[in-house]
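Each reported figure results from applying straightforward, stated rules to the coordinates on display, with no laboratory input. In this text, all values refer to a predicted model and were calculated from it rather than measured experimentally. With ideal geometry, Cβ positions are generated from the backbone for all residues, glycine too; neighbour counts draw on all protein chains shown.
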Amino acid sequence: MFRATLKSLLSRKLRLTLSAFAVVLGVMFVAGSIVMTSSLSKSYDSLFTEINSSIDVQVNAKPNLEVESADSASATIPESVVKEIEAAPGVAKVTPSVFVDGARVIGKDGKVAPSFAPRYGSNWGGEDGLIELREGRGPTAPNEVAVDASIAKALGFELGDTVGILTLQPKKEFTLVGIFGYSGDRDTLGGSQIVAFTLPVARDLMLGEQGTWTDVQLVAEDGVSQEELKTTIEGVVGSDYIVRTRDEINDANSADIEEALSFVNYIFLGFAGVALFVGIFLILNTFSMLVAQRTRELALFRAMGAARGQVIRSVMFEALVIGVLASVLGLLAGIGVGAALGAVFGNFGGANIDLKLTVPITAIIASFIVGTGVTLVAALFPAIRASRIPPIAAMRDAATPDKPLTKITSIGGAIFAVGAAIMAWGLFSSADNALWGLLGGVLLVFIGVALLTPIISRPIVSLLGRIFAWSVPGQLGRRNSARNPRRTAITAAALMVSIALVTGVSTIVASASKSISSAVGETLNAELIISGQQTSAQPPTFDVATLDKIEQTDGVEAVAGFYLGPAQINNENSYLAAMSDPAATAQLIGLKAKSGEIDRVGANQIIVDEETAKDENLQVGDEVPVQQVRGDAQNYEIVGIYEQNDAVGGFMTGESAAKNFQIAQPSQAFVKVEDGASVKDVEAEVKTLLADSPEVNVQDQSAFIDQITGQFDTILTFVQILLALAILIAILGIVNTLALSVIERTRELGLLRAIGLRRSQTTRMITVESIVISVFGALLGIVVGVGLGAAIVQALKNEGLTHFALPWGQMGTYLILSVLVGVIAALLPALRAARLNVLAAISYE
């Protein structure tokens with residue numbers, strides 16, 4: 001039996017290779033994501049180890065806020081504490097520094113260089129084992145600056161150039177006197193950008209105060225360990241400061257990197273799961289058709305004494321061989337993909353990370369568990385079906401009559417209902433595991449739809465086929481696609497999953513775009529909006545003096561400026577907005593008072609939306625503690641509660657609170673144009689006033705909407721690219737089904753050719769069959785995707801998705817592409833069918 005199984009396996013190498021390829025692609029994604037994140041993590045660990053190699057202990061002040069968006073460097077160490085540290089026993093060297101995120105360099109084109117990595121401003125401390133001067137010297141005068149080589153190369157700066165820089169203060173211009181790099185011929189450390197000022201200027205622009213530092217680095221005397229020095233310094237500085245050893249700093253940096261990379265890892269693993277799920281349909285269909293074609297062969301085995309268990313083991317052994325080979329190939333491909341992606345991410349933004357390729361044991365184990373496991377699971381049902389073939393089937397020409405669809409339809413309906421119920425719970429529940437409920441529900445919905453597809457396929461496939469019924473090949477292709485509803489359903493279901501996911505995302509994006517457009521149009525009474533796109537931890541800002549200048553511009557009726565920053569409000573992490581003019585804000589944003597007053601908000605006063613007030617049981621007259629990035633905690637009195645507004649929400653206060661934000665400059669403003677005044681003329685004038693604030697721009701409502709919704713288009717494109725892999729597997733499924741179908745119908749095709757069906761007509765017949773299956777899968781996917789998208793939009797109605805919209809353009813594109821998919825998938829099977837030897841085909845059994 002074992003030898004017979006091997007011969008059977010070797011006789012179908014091409015057919016099984018297509019199935020194995022689907023598993024290879026899925027395993028490649030799994031292994032690639034693990035290899036990429038592990039390699040990047042190890043590379044960053046090595047980088048941090050090198051950066052911190054010259055220190056033993058570091059001291060930082062505790063930040064006011066423990067939130068990611070708050071810059072911990074805003075908590076400073078006074079000079080007096082540094083002197084106490086210098087006098088502590090066991091300290092050989094003390095190096096205090098100013099090192100703060102927020103120095104944005106303006107390029108020669110007048111725009112701020114975009115960066116997703118931090119953009120630090122620091123004091124020039126001279127060369128050391130890490131920093132190396134490439135050109136010029138360090139800054140010595142207040143109007144001088146040095147930049148790292150990555151900035152100089154990216155923006156084309158040379159010594160002597162004038163460089164504009166945004167910090168806590170508006171644009172300042174400096175003369176470039178030095179360009180520095182790092183050991184190992186690196187232009188940057190992990191993609192960060194660093195600008196070095198003189199110490200007084202660094203303190204003034206990055207901290208807003210003199211006589212303080214952001215961190216202190218210590219080197220221990222010989223014979224004093226890191227832990228011993230840490231203990232000593234903790235006793236000197238007290239509990240208001242964070243004291244960490246070099247190892248603790250490296251561990252913390254590694255944990256931050258792993259957390260950031262885990263998000264990317266989850267995304268790739270999610271799409272790997274989709275690819276493998278689609279691959280299951282391909283493997284299931286392949287083994288089902290192979291078992292059907294080997295009916296007589298397997299029946300002969302039974303007649304010769306083979307037990308059911310031997311037949312099952314025979315089919316499962318084939319699956320095991322395919323799974324192991326696919327796992328090996330997928331792992332090797334994944335290592336290559338992981339290395340390539342690691343190199344891309346390692347050099348993103350000019351990071352120049354020296355990638356250290358790592359293949360963890362988890363990648364190897366996951367590859368074999370996933371690849372082999374998926375193949376065995378997909379082959380299990382066909383194997384069981386093969387074991388049930390009676391020995392008498394060896395005497396018949398065929399033993400695969402169509403079975404009633406009652407059972408599979410009932411099971412599919414039950415699974416679909418359960419999945420929909422679980423998905424609804426996941427959408428509307430606030431439980432911690434609601435997300436897993438949502439994902440599990442979506443999976444069950446897909447399985448349920450796949451099981452219901454055979455009963456659905458009969459009428460729809462027949463209807464679709466009538467489009468091509470004007471010719472004999474078209475009629476034959478239509479009937480062939482409807483001949484075996486189970487096979488057609490499984491093949492179409494693979495494409496359905498991919499199209500459903502991308503349609504669901506498209507529906508959510510279209511609904512979000514329409515909701516934003518509606519919110520802006522219905523609530524904003526401003527013709528012009530000043531804003532920018534945030535690409536780093538620091539929000540884009542502009543000079544506060546510009547607000548007054550805009551208000552005095554001819555044709556401007558009112559201006560409402562907004563400052564925004566993280567804060568802890570009522571003992572919960574949140575965001576606080578400061579209004580330059582509460583009355584203008586109420587007018588231009590369409591705020592309506594629910595209770596109290598919202599157009600007069602003074603110092604230590606605050607207003608809040610009705611939903612937040614209800615959730616936190618707040619009323620007018622209550623006091624809430626507010627802790628901002630800078631300054632001490634203060635109590636704010638709630639003077640007004642405003643109705644829900646699609647444009648703004650949360651806590652808002654007066655302009656006096658802006659001084660305690662990370663950057664005390666407005667990040668957004670709304671401009672009301674006087675009746676009869678030209679909006680274009682006012683826009684041009686405001687644009688001139690913003691010339692020294694290149695992070696923001698002024699635009700009308702339609703351009704503002706396009707700016708926001710453009711981010712959704714980027715997400716959609718990313719999803720479409722990643723789901724292209726699953727669509728490729730679905731195409732392989734159609735190719736495999738048609739190829740096996742051609743083999744199965746060899747004699748039939750020979751007879752058709754014998755009675756006059758030409759080669760071109762045979763090709764058209766197979767192509768029509770492929771197109772019908774592909775379009776059916778796409779239609780089913782669009783319907784399911786719209787349903788999933790509608791459910792999610794409904795669940796997020798209170799989160800801002802107030803309008804439902806269908807992505808008609810994308811859906812039409814998917815249908816057109818499904819026709820193209822059908823044509824491509826039919827090429828090889830159609831050519832094989834057309835080239836069949838007529839006489840050999842007629843005598844084929």
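Ser239 label point, 7 Å along Cα→Cβ, cut-off 18 Å on backbone N: hits in segment 608-640?
Within reach of a label on Ser239, which here means backbone N under 18 Å from a point 7 Å along Cα→Cβ, segment 608-640 contributes 633.
Give me the percent of Cα-Cα pairs in the chain that sit more than 50 Å apart, rounded to a whole number. Display every interim value, and only then the final one.
On the way: 125847 of 356590 pairs.
Roughly 35 percent, once rounded to a whole number.
As a test, work out the antiparallel percent of DSSP beta bridges whose residues both lie in the chain, rounded to the nearest 5.
Details: 70 of 89 bridges.
Of those bridges, close to 80 percent are antiparallel.
Using a cut-off of 14 Å between alpha-carbon atoms, which aspartates and glutamates can reach Lys592, once sequence neighbours fewer than 8 places away in the same chain are excluded?
In chain and number order, the partners are Glu522, Asp609, Glu610, Glu611, Glu643, Asp646.
Given that compact globular proteins tend to follow 2.2 N^0.38 Å, what is the ratio of the alpha-carbon Rg of segment 142-288 to that value? Walk me through the numbers before you get to the answer.
Numbers: Rg = 24.2 Å, N = 147, 2.2 N^0.38 = 14.7 Å.
This ratio for segment 142-288 stands at 1.65.
Show me 372-378, 300-306 ranked by packing, highest mean number of other Cβ atoms within 10 Å first. Walk me through the intermediate numbers first.
Working: 372-378: 20.9, 300-306: 16.1.
Highest-to-lowest ranking by the protection proxy: 372-378, 300-306.
Roughly how many debye, to the nearest 20, is the charge dipole of the chain about its Cα centre, given +1 on each Lys and Arg Cβ, -1 on each Asp and Glu Cβ, and no other charges? Write down the numbers at each step before the final one.
Details: 61 positive and 81 negative charges, 1841 e Å.
The dipole magnitude comes to about 8840 debye.
Given segment 55-256, what percent of its DSSP beta bridges are antiparallel, to the nearest 5? Each step should come with its number before you reach the end.
Values: 36 of 46 bridges.
Bridges in segment 55-256 are about 80 percent antiparallel.
Across segment 230-242, in residue order, what do the Karplus-derived ³J(HN,Hα) couplings come to in whole Hz, using 6.51 cos²θ - 1.76 cosθ + 1.60 with θ = phi - 60° and x for Gly and Pro?
4, 4, 4, 5, 4, x, 7, 8, x, 7, 7, 10, 9
Considering only DSSP beta bridges with both partners in segment 543-689, what is the antiparallel share in %, to the nearest 5? Don't jump to the answer; show the numbers that get you there.
Details: 27 of 36 bridges.
Here the antiparallel bridges make up roughly 75 percent for segment 543-689.
Along segment 438-451, what does the Karplus equation 6.51 cos²θ - 1.76 cosθ + 1.60 (θ = phi - 60°) give for ³J(HN,Hα), rounded to whole Hz, x for Gly and Pro?
Result, rounded to whole Hz: 4, 5, x, x, 4, 4, 5, 4, 4, 5, x, 5, 4, 6.
Sequence-distant or interchain residues sharing an amide H contact under 5 Å with Val98, placed H: which?
Here the answer is Asn123, Thr214, since their amide H atoms fall under 5 Å of that of Val98.
For segment 543-689, what is the largest minus smallest coordinate of the Cα atoms on each principal axis, given in angstrom and ordered from greatest to least?
Per principal axis, max minus min of the Cα coordinates gives 46, 31, 21 Å.
Can you tell me which of 603-609, 576-582, 675-681 comes out highest on packing, and rank the rest after it, using the mean Cβ neighbours within 10 Å? All intermediate terms of the calculation are to be shown ahead of the outcome.
Values: 603-609: 21.4, 576-582: 23.3, 675-681: 11.1.
Sorting 603-609, 576-582, 675-681 by mean packing, highest first, produces 576-582, 603-609, 675-681.
Checking the table Lys659/Lys680; Lys549/Lys659; Lys83/Lys171; Lys108/Lys514; Lys171/Lys687 against a 26 Å threshold on Cα-Cα, which pairs fail?
Values: Lys659/Lys680 33 Å; Lys549/Lys659 20 Å; Lys83/Lys171 34 Å; Lys108/Lys514 37 Å; Lys171/Lys687 16 Å.
Flagged as over cut-off: Lys659/Lys680; Lys83/Lys171; Lys108/Lys514.
Apply the Karplus curve 6.51 cos²θ - 1.76 cosθ + 1.60, θ = phi - 60°, to the phi angles in segment 486-495 and return the couplings in whole Hz, x for Gly and Pro.
So the J values, rounded to whole Hz, are 5, 5, 4, 5, 5, 5, 5, 5, 4, 6.
Of the peptides 26-37, 649-660, 748-759, how do they stack up when ordered by the mean number of other Cβ atoms within 10 Å, highest first?
Top of the packing list down: 26-37, 649-660, 748-759.
What aspartates and glutamates does Lys111 reach when the alpha-carbon gap must be under 13 Å and sequence neighbours fewer than 8 apart in one chain are set aside?
Correct list for Lys111: Asp692, Glu695.
If each residue of separation counts as 0.36 nm, what is the full-extension length gain between Thr717 and Trp470 once their alpha-carbon separation is subtracted? Spell out each step's value before the answer.
Values: separation 247, 0.36 × 247 = 88.92 nm, distance 3.82 nm.
Result: 85.1 nm gained on full extension.
Obtain the nm distance between the two label points defined at Gln310 and Ser54 by a simple spin-label model: each point lies 7 Å from its Cα along the Cα-to-C-beta direction.
Each label point lies 7 Å from its Cα, and together they span 7.6 nm.
Could you give the nm distance between label points at Asn347 and Gln701, where each point is 7 Å from its Cα heading toward the beta carbon?
That separation, rounded to one decimal, is 4.6 nm.
If you take every residue apart from Glu173 with its C-beta less than 12 Å away from the C-beta of Glu173, what net charge results, scoring Lys and Arg +1 and Asp and Glu -1?
Its environment carries a net charge of -1.
What full-extension length gain, to one decimal in nm, is calculated for Ala260 and Leu133 as 0.36 nm per residue of separation minus the Cα-Cα distance? The partial results should precede the final answer.
On the way: separation 127, 0.36 × 127 = 45.72 nm, distance 3.15 nm.
So the extension gain works out to 42.6 nm.
As a check on your grasp of the helix formula, calculate [θ] at 222 nm for the chain: sum -39500 (n - 2.57) over DSSP H runs of n ≥ 4, divide by the residue count, round to the nearest 500. Display every interim value, and only then the final one.
Numbers: 23 runs with 462 residues, N = 845.
Mean residue ellipticity at 222 nm (helix-derived): -19000 deg cm²/dmol.
Near the amide H of Ala567, under 5 Å away, which other amide H atoms are found, from residues 5 or more places off or on another chain, if H is placed in the peptide plane?
Close amide H contacts, sequence-distant or interchain: Ser574, Tyr575, Leu576.
Subtracting the Cα-Cα distance from 0.36 nm times the residue separation, let me have the gained length for Val819 to Val328 in nm, one decimal. Working shown, then result.
Values: separation 491, 0.36 × 491 = 176.76 nm, distance 3.41 nm.
Separation in residues times 0.36 nm, less the Cα-Cα distance, equals 173.3 nm.
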